[in-house]
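Notes follow the structure.
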Amino acid sequence: MSHWLLTVEALDGAGNAKTLRFSTPGYMDPNPVAWLQRIQQPGLFRSGLFAGELINVERSGYGETTLINIDGALNWLVDYAMDGRRATLQFASEGTLTTVLEGTVARVAFSNTLVSIKLRDPVEILQQPHPLTRYAGTNVLPDGLEGTDDNIGGNVKPRLYGQVRNAQPVAVNTSKLIYQVSDQDCTVTAVYDNGIPLDFDGDYSSLAELEGTPPAGSEWSDWEPPRGKWRRYQGYIRVGVEPTGQITCDANAPLVNAGDVIEQIAGESGVTIETTGALNSRGAVRLWVTDEATTAALLDRLVASCAGFYRLTGNQTIVAGLLAPPATPVLTLFDHQIITIDRDSAGAGNNGLPVGRVTWQADRIETVQDNLAGGVTESRRARLASQYRDAVAVSNATLTRHPLADAITLASDLASRSHAQTTANDVLTLLSPRRDRLSVVARVVDAGGLQINQTVRIVTPRLGYSEGRNVLIVGRELDASRNRISLSLWG
């Protein structure tokens, strides 16, 4: 026998913290805990897998649980404050509890016979602006590292995740020629003036030394005036001579590999990473944040760059990894369980056909330059003229079979072109064969146990699936009261 359980944290009328527990009728907790057996409709909840442009699917949405209140026995809930507080929906089957959704209460509504508890989208925690810092604009020149109110005061401070190449650091003290590339610790590895590398003069030991001691002077060379030297402290640099052109720099954060950076960003927003799978195999990434952005936008960029996926679990932890074909099915859906089935396409391309060509752009530089100093080498000029380098994978067999096969181009955050080539090859292997996109509505007794990114097998004479086909669950909408589930499937 299976049951649904809803737990809500609340404050009673006197401001005391209370835990409210509701269940479907007939539930008996093996522990001495009382449940109000009032759940009528456990919920209509939607969840989805994020995989960038490779698999487009709607993400999770709002849900609603309704409680039976024909006799008015729940009218006292009107005096309880539940909004913004945690709510957990669980599915109990054969002694096993599965957390289907852990979110927060948006509002509580009362009708003649029902109490409706509306839950906020779990993804909303990632849709908030990522916690960044801003310049105070409080410099009293020649001192200070916060800029002035009439130049950078109020602007977002730059933050480096992974690596950055040829970035224009922010001038935080124009009198002392101090610049900032990140508000978090990083190692600046090179500084350029109009493309010419400046000489490194060592590390500072403190902010006080950074402000108090300029780099050593430089000598004239071949009748050219000295360009000066530079020193560094955490995310700051200080140059010794007024630049003749554009100042740019290269830098590395302590964590550079994709999975580690994703975990760092999630942690800064208060979300736990359950696993990042094999994302570190994609190598270093380059993400330099200079404007306000949501946490989801930052994670989306990095995960898409890796040809990966991520999803938020019921208990608000992130599971991420590399996209892969369907695996061993956890469930087989037979024809008698399938209410409706539609095949939207038989190819992974945007045109519904297989993908025959993949271009993965990588090795990004932040500042493209063509007006450089005369001493810049030809190879350096060529690199600074283009923001990315391309890695291309082509399936001639697919293009022969499908002359209109789709082509994918993605400007990634991967630092290495070699890692980008591996990624392009992997994506082509994944998307060049036939990949069906299905919409299925089915009756499943234990529908609450099905999770995003699990594999199911479809066996039905409809649409040619008599022999069965394994497909990934990439989207799920659960009608818990009827044990009915709408699935978006891919594979």
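No value in this document is a laboratory result; all are computed from the given coordinates. From a predicted model like this one, the values you see are computed outputs, not experimental measurements. All Cβ positions, glycine included, derive from the backbone under ideal geometry; neighbour counts span all protein chains shown.
Some points to look at:
- Charges were assigned to the Cβ only: +1 to each Lys and Arg, -1 to each Asp and Glu. The resulting dipole of the chain about its Cα centre is roughly 1680 debye.
- Highest mean first, the peptides 301-311, 132-142 sorted by other C-beta atoms within 10 Å per residue fall in the order 301-311, 132-142.
- For residue 244 and residue 216, the difference between the fully extended length at 0.36 nm per residue and the C-alpha to C-alpha distance is 8.3 nm.
- Unit charges at the beta carbon, dipole of the chain: most positive-side option, 136, 367, 174: 367
- In the chain, helices alone account for a calculated mean residue ellipticity at 222 nm of -3500 deg cm²/dmol, with every DSSP H run of four or more residues adding -39,500 (n - 2.57).
- Note on 91, 110: ascending count of other Cβ atoms within 10 Å places them as 110, 91, the fewest first.
- Cα centre as origin, Lys/Arg/Asp/Glu Cβ charges: segment 2-124 dipole, Debye: 100 debye
- Label-reachable residues, segment 144-161, where backbone N falls under 20 Å from a point 7 Å from residue 203's Cα toward its Cβ: 160-161
- Prolate/oblate/rounded call for segment 272-421, Cα gyration tensor, a/c under 1.5 rounded: oblate
- If you take all other residues with their beta carbon under 9 Å from the beta carbon of residue 417, and give Lys and Arg +1 and Asp and Glu -1, the sum is -1.
- Ascending count of other beta-carbon atoms within 10 Å, so fewest first, for 94, 268: 94, 268
- Both numbers refer to the Cα atoms of segment 138-252; Rg and Dmax are 13.6, 44 Å.
- All alpha carbon pair distances within segment 219-300 were sorted into 10 Å bins beginning at 0; the resulting P(r) in whole percents reads 13, 34, 24, 17, 10, 3.
- The relative contact order of segment 138-252 comes to 32 percent, based on Cα pairs under 8 Å that sit 6 or more residues apart.
- Per-residue Cβ neighbour counts within 10 Å put 192, 388 in the sequence 388, 192, beginning with the fewest.
- The base-10 log of I(q)/I(0) for the chain, evaluated at q = 0.08 Å⁻¹, reads -0.65 [Debye formula, identical scatterers on Cα atoms, solvent excluded].
- Other residues whose C-beta falls under 13 angstrom from the C-beta of residue 359 contribute a net charge of 0, scoring Lys and Arg +1 and Asp and Glu -1.
- Magnitude of the charge dipole, segment 392-491, Cβ model with Lys/Arg +1 and Asp/Glu -1, debye to 20: 320 debye
- Segment 2-124: C-alpha gyration tensor shape, a/c 1.5 cut-off, then a/b vs b/c: prolate
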